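Below: one structure, written as structure tokens.
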Amino acid sequence: MKISAWILTAVVATTLALVGCGKSGGGESVDTSALQASFESAEASVKESAEKAIAAVKSSDWAGAVTELKKLLEDAKLTAEQQHAVKDTLAKVQSAIGKVAGEVTEGAEKAIDDAAKAVKELPKP
């Protein structure tokens with residue numbers, strides 16, 4: 001029984017590591033060109049926040065991107081173009097988060113199935 005537990009643990013850990021490491025950021029990319037263009041002439045503090053959001057998006061730091069984009073939306077000094085660009089980028093980031101979550105779920109389900117098959121194939125003591 002101890003051997004099967006170790007094998008099960010090893011299979012699950014290996015599969016999860018491969019699923020997690022095999023796709024940096026889930027392979028999702030979000031276009032930030034409209035966001036970047038709309039903040040080129042913004043005041044320094046607002047532009048800095050936009051640049052932080054853009055950097056977070058480009059590095060697939062989805063939590064950081066959402067945080068910075070929401071901060072930007074709370075700024076009353078945004079132009080209509082800037083507000084539209086922020087909302088559009090936020091929607092794209094949220095879509096990317098959904099896709100990544102789906103991929104992780106699929107990977108975890110596959111890991112569980114593989115582990116169950118491995119345990120069934122173990123020789124009986």
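The values are calculated or read from the model by the stated rules, or taken from the named source; none is laboratory data. Since the structure is predicted, the reported quantities are computational estimates derived from the model, not experimental observations. Methodologically, a virtual Cβ is constructed for each residue, glycine included, from the backbone with ideal geometry; neighbour enumeration extends over all protein chains shown.
Looking at (1) more than 21 Å from Ala37 (Cα to Cα); (2) of a type outside the set (D, E, K, R); (3) modelled with pLDDT of 85 or more; (4) not in a helix (DSSP H, G or I), which one does Pro123 not meet, given that it meets all the others?
Checking Pro123 against (1) more than 21 Å from Ala37 (Cα to Cα); (2) of a type outside the set (D, E, K, R); (3) modelled with pLDDT of 85 or more; (4) not in a helix (DSSP H, G or I), the one that fails is (3).
Identify the residue in the stretch 25-62 that is among the β-branched types (Val, Ile, Thr) and in a loop (DSSP other than H, G, I, E, B) and, among all such residues, is nearest to Asp75 (Cα to Cα).
The qualifying residue nearest to Asp75 (Cα to Cα) is Thr32.
Here's a check for you: in the stretch 49-78, which residue that is exposed (fewer than 13 other Cβ atoms within 10 Å of the Cβ) and not aliphatic (A, V, I, L, M) is farthest from the chain's Cα centre (by Cα)?
Within the stretch 49-78, the match that is farthest from the chain's Cα centre (by Cα) is Lys77.
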